[in-house]
1. Any idea what diffusion coefficient region 185-314 gets from Stokes-Einstein, in µm²/s, Kirkwood Rh on alpha carbon pairs, 25 °C, 0.890 mPa s?
2. Viscosity 1.002 mPa s, temperature 20 °C: Stokes-Einstein D of region 265-326 from its Kirkwood Cα radius, in µm² per second?
3. Note down the accessible area of Asp118, probe 1.4 Å, to the nearest 10 Å².
4. Could you check the simple spin-label distance between Ile298 and Ala154, using points 7 Å along Cα→Cβ, in nm with one decimal?
5. How charged is the neighbourhood of Val369? Take every other residue with its Cβ under 11 Å from the Cβ of Val369, and add Lys/Arg as +1 and Asp/Glu as -1.
6. Quick one: how many Å² of Leu312 are accessible to a 1.4 Å probe, rounded to 10?
7. Tell me which of Leu230, Ala452, Ile257 sits at the most positive position along the dipole axis of the chain, charges placed on C-beta atoms (Lys, Arg +1; Asp, Glu -1).
8. Using bins 5 angstrom wide from zero, how does P(r) for region 342-463 break down, in % of all Cα pairs?
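The values are calculated or read from the model by the stated rules, or taken from the named source; none is laboratory data. Please read these numbers as outputs of a predicted model, since none were measured by experiment. Quick reminder, even Gly has a Cβ in these numbers, built from the backbone with ideal geometry, and neighbours come from all protein chains shown. SASA here: full protein model, heavy atoms, side chains in, ligands and nucleic acids out. Shrake-Rupley method; radii C 1.70, N 1.55, O 1.52, S 1.80 Å.
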Amino acid sequence: MITRRHFLAQGAATTAALALPGLAGANTAGFGEIRAQKAAIQLAPASYPRTEIWGYDGVMPGPELRVVQGARVQRSFLNELPQASSIHWHGIRIDNAMDGVAGLTQPAVETGGRFDYDFLVPDAGTYWYHAHNRSAEQVARGLYGALIVEESEAPDVDRDEVLILDDWLLDPETAQIDPDFSSRHDRSHAGRRGNFVATNGRYDLSQEVRQNERLRLRLINAANARIFVLALSGMDGWTVALDGMPLPQPEPVSEAIVLGPGQRADLIVDITAEPGETAHLVRLEDQEGASQAAFPVIGQASADRRATPLSLPPNPGMDVTGLDAASHARLNMQGGAMGTLDAAVLNGERKSFRELVDANEFWAFNGTVGMTDTPLINVSKGETATLEIYNDTSFPHAMHLHGMHFREIGKDGDLGPFRDTLLMFGGETRTIGFVADNPGDWLFHCHMLSHAASGMMTWMKVT
Ligand code: C2O
Ligand code: CU
């Protein structure tokens, strides 16, 4: 019997060597239909009832879409949910009309409605798709999946595994999803954090491996608010890409891997544990040393480790130049519990923080709660833009730019890796720069989805 305490503390010793069937049967092609549906899955341990979720094609995670670089993705989205919805293709340098942001790039698709997504994927890498209407609810109910764009020449690995990390807020008695998606506390603090952590919808994900086998692990943080802090045990390797984009050189994993909501990391790892042992992806942020995913070692693939992997080929036309002549903007992030915000504009009217709290709105960008009529940045195609962001709040935020990747500009002008989501801690000031090469209206928001829902959302315009 699994007790309530055990349920909440799960993950500490998940050693069950359970081989998974993988994604057999999933529709992985770039074309066809994709349906948002209600479904029930065995998320909690078997002694619990199945959990009612919302999933793409009734599965969770949704079907893994795997295409080659440059391919065309055509998916006719059918909404069979009781709520309007849309699909955003996170991290893709996409045609703006296909970006899936309900209310900005398309109307939300009503129940029974359909929208034909049709776009090219210019960049290889690890991306994901998720609901982008009432996301704090719809993503938390399970509406997400991986979108994998393969390099035309795949790196030399034995296996390629997608690991989608999430935490679920479940009723510990019934294993049903907590239906309060706009809790005042979650919105005003760190966001909606779950009490049940899973990988690919499995709390006990386990994949058999062999010693010296080389795996590409594609980590995707699909959680509403949790920052995953991860380490490797019984395996050793390199980070080769972040937010889909290759690093110039593989970086040895020597410190913890920190993934804010929306962020991805591609690792190439070699199994170093001995046959009979179990390697783990380890979660550090709570319950020191919990297993996020287990890799029981059942034999040896070869006697020795392989040489350091090559870097992945760079994606086309990725460069941040023209910083000297860039148009510059500044963003002050304010609000939340224990913050300094005393008033902000909500729906065109100035409100005291007390009034904002009464309206269940907590966050402001440059003094305005939520979307403004005019964009934060308005540039013409090909221009370079820089944005200085000050996190004047007591909480971390994962700032996601749609449609383009940016690089962080360090204090001495050095450029960080290409990313689409910047994790910022309270009190930090950070600067990003990007070439606005993709025309359209692009959302820029906190990927702590309860924060986005209560004010942390703005947009940029490229004409
Ligand atoms: Cu991954 Cu605006 O979202
Ligand atoms: Cu936030």
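1. On the way: Rh = 15.5 Å.
My calculation gives 158 µm²/s for D.
2. Values: Rh = 15.7 Å.
Rounded to a whole number, D works out at 136 µm²/s.
3. Here the residue's solvent-accessible area equals roughly 50 Å².
4. Calculated label separation equals 2.0 nm.
5. On the way: positive: Arg350, Lys351; negative: Glu349, Glu355, Glu361.
Summing Lys and Arg as +1 and Asp and Glu as -1 gives -1.
6. The accessible area comes out at roughly 10 Å².
7. Ala452
8. P(r) over region 342-463, rounded to whole percents: 2, 11, 20, 23, 20, 13, 7, 3, 0.
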